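Chemist: I'd like to ask you about the structure that follows.
Bear in mind these aren't lab numbers, they're just calculated from the coordinates by the rules spelled out. What you see is a predicted model, and the numbers here were worked out from it, not measured in a lab. Backbone-built Cβ (ideal geometry, glycine too); neighbour counts: all protein chains shown.
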Amino acid sequence: MELQQLRYFKAVADIGKISDAAESLFISAPALSTSISRLEKELGMQLFDRTSNRISLNPQGRIFLKHVNQVFGCLESAKQELQHSLQQQGPHISIVSVNSTMWIDLIAAFTSEFTKYTLSCSTISLDGLAAEGLSNQYSFLLAYESDIPPFYADKLDSIFLFETCLTVALHKDHPLAQKTEIDIRMLTDERIFMTAPGGPVHERIRQLYLFYDIPFPKDNSYAFLARQKMVAENMGITFVSKHADALHNPNIRYVPLIDPFGPWKARLYWRKDRTFSEYENSFRDFTNHFFQDLH
């Protein structure tokens with residue numbers, strides 16, 4: 001029995017539909033169905049009652065889900081304990097972001113200058129941020145102003161870092177690569193590799209398609225590096241924020257996307273009730289100066 005099987009089982013149990021669960025996991029429905037069947041065979045019993053449209057837990061499945069939730073709860077506790085142990089060993093800064101690819105240069109520069117500090121960076125979805133806010137286990141949150149739930153904003157302090165915007169990443173030989181800007185309605189016939197749901201780029205793109213009343217691209221989500229590679233090989237196009245092209249590829253051009261909602265303002269956030277250590281103050285000051293120097 002593998003951890004991935006348990007994750008797949010939990011997704012189906014929580015969502016109740018193979019196709020929707022598969023979409024959330026970024027795998028095909030047949031592959032997910034096969035994984036669930038293999039798990040049931042390994043356990044020697046059925047975990048779900050199946051109908052033509054839905055799949056629901058049977059009594060044995062509900063028992064199994066209870067223990068699966070305990071497994072993932074223990075793993076999360078272990079993660080927090082490990083992070084705490086790092087803090088006990090020496091200066092450690094734990095940050096969380098809604099778009100980790102945007103902060104590659106910052107993390108590399110800070111780690112290079114402050115060699116005695118340890119730094120960890122996790123990613124949180126917009127839904128997770130709305131549901132949980134900024135956990136006290138993190139020193140800082142790197143996010144856009146529009147990512148912060150209005151009801152939670154007064155619990156945070158912040159400093160402004162920079163403005164950014166959406167760009168279209170295309171192969172250098174693409175007919176649109178020489179444009180100074182691109183309207184999203186020009187891309188209706190393109191093969192588009194989308195970002196994963198739950199992040200600010202995916203959400204803004206979805207808003208743009210709704211704004212212009214055009215069909216949203218068929219879900220075709222990939223991680224950042226995979227999207228970059230496919231664009232570099234002229235297999236299609238993708239969307240990235242202006243400051244997320246740190247891993248520059250000479251075969252890719254980044255053309256600004258016309259966005260009626262305006263640019264994003266990136267900020268460094270922290271909880272108002274947090275008392276900073278000396279090394280956390282160092283990170284805040286370093287981050288502030290790092291982006292001021294880039295302006």
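Chemist: Among 156-163, 59-66, what's the highest-first ranking by average C-beta atoms within 10 angstrom per residue? Don't jump to the answer; show the numbers that get you there.
Modeler: Values: 156-163: 16.4, 59-66: 14.6.
The densest-packed peptide leads the list: 156-163, 59-66.
Chemist: Please list, in order along the stretch 105-117, the HN-Hα scalar couplings obtained from phi with the Karplus expression 6.51 cos²θ - 1.76 cosθ + 1.60 (θ = phi - 60°), rounded to whole Hz, x for Gly and Pro.
Modeler: Result, rounded to whole Hz: 5, 4, 4, 5, 5, 5, 4, 5, 7, 9, 6, 8, 8.
Chemist: From the phi angles alone, apply the Karplus equation (6.51, -1.76, 1.60; θ = phi - 60°) to the stretch 94-100 and give each ³J(HN,Hα) in whole Hz, x where the residue is Gly or Pro.
Modeler: Calculated HN-Hα couplings, in order: 10, 10, 9, 9, 8, 7, 5 Hz.
Chemist: Follow-up question, since we're still on this one. Which of these, LEU142, LEU57, LEU119, has the largest mean-square fluctuation under a Gaussian network model of the chain (Cα springs below 10 Å)?
Modeler: Result: LEU57 has the largest fluctuation of those listed.
Chemist: With the Cα gyration tensor of the stretch 3-73 giving a ≥ b ≥ c as the square roots of its eigenvalues, does the rule (a/c under 1.5 for rounded; else a/b larger than b/c for prolate; else oblate) give rounded, prolate or oblate?
Modeler: Details: a/c = 1.43, a/b = 1.19, b/c = 1.20.
Note, shape of the stretch 3-73 comes out rounded.
Chemist: Taking amide hydrogens as modeled 1.01 Å from N in the peptide plane, which residues meet the under 5 Å criterion relative to ASN220, leaving out close sequence neighbours?
Modeler: Answer set, sorted by chain and number: MET194.
Chemist: Shape call for the chain from the C-alpha gyration tensor, a ≥ b ≥ c root eigenvalues: rounded (a/c under 1.5), prolate (a/b greater than b/c) or oblate? Can you show the working numbers first?
Modeler: Details: a/c = 2.00, a/b = 1.15, b/c = 1.73.
Verdict is oblate for the chain.
Chemist: Tell me the label-point distance for the pair GLU42, SER122, using the 7 Å Cα-to-Cβ offset, in nm and rounded to one decimal.
Modeler: Result: 2.6 nm between the two label points.
Chemist: In a Gaussian network model over the chain where Cα atoms closer than 10 Å are linked, find which of ALA22, ALA108, ALA169 has the largest mean-square fluctuation.
Modeler: In the Gaussian network model the winner is ALA108.
Chemist: Based solely on C-alpha atoms, express the radius of gyration and the Dmax of the stretch 95-196 in angstrom.
Modeler: 17.5, 51
Chemist: Still on this structure, please answer the following. Amide H of ALA143 versus every other amide H placed in the peptide plane: which residues, excluding those fewer than 5 positions away on the same chain, fall under 5 Å?
Modeler: It is ARG267, TYR269, by chain and number.
Chemist: Do me a favour and compute the ellipsoid semi-axes for the stretch 166-256 from its Cα gyration tensor, root of five times each eigenvalue, largest one first, whole Å. Write down the numbers at each step before the final one.
Modeler: Numbers: eigenvalues 70, 45, 29 Å².
Value: 19, 15, 12 Å, ordered largest first.
Chemist: In nm, what is the difference between 0.36 nm times the number of residues separating LYS179 and TYR212 and their Cα-Cα distance? Could the numbers behind the result be given before it?
Modeler: Values: separation 33, 0.36 × 33 = 11.88 nm, distance 2.04 nm.
Separation in residues times 0.36 nm, less the Cα-Cα distance, equals 9.8 nm.
Chemist: Next up: For the residue pair LEU3 and ASN136, what label-to-label distance in nm results when each label sits 7 Å from Cα along the Cα-to-beta-carbon direction?
Modeler: For LEU3 paired with ASN136, the spin-label model returns 2.7 nm.
Chemist: Name the residue, out of TYR269, TYR212, TYR138, whose mean-square fluctuation peaks in a Gaussian network model built on the chain with Cα pairs under 10 Å.
Modeler: TYR212
Chemist: Which ³J(HN,Hα) values, rounded to whole Hz and listed in residue order, are derived for the stretch 253-261 from phi using the Karplus coefficients 6.51, -1.76 and 1.60 in 6.51 cos²θ - 1.76 cosθ + 1.60 with θ = phi - 60°, glycine and proline given as x?
Modeler: Coupling constants for the stretch 253-261: 10, 10, 10, x, 9, 5, 9, x, 7 Hz.
Chemist: A further question follows. For n ≥ 4 DSSP H runs only, could you compute -39500 (n - 2.57) per run for the chain, divide by its residues and tell me the 222 nm figure to the nearest 500? Before the final figure, lay out the partial values.
Modeler: Working: 9 runs with 122 residues, N = 295.
Calculated mean residue ellipticity at 222 nm is -13000 deg cm²/dmol.
Chemist: Non-local amide H neighbours of TRP264 (under 5 Å, H modeled in plane, Pro and chain starts lacking H): which ones?
Modeler: THR164, CYS165
Chemist: Here is a further query. What's the extension gain from ILE258 to ALA232 if we count 0.36 nm per residue and subtract their Cα-Cα distance?
Modeler: Values: separation 26, 0.36 × 26 = 9.36 nm, distance 2.24 nm.
Residue separation times 0.36 nm, minus the Cα-Cα distance, leaves 7.1 nm.
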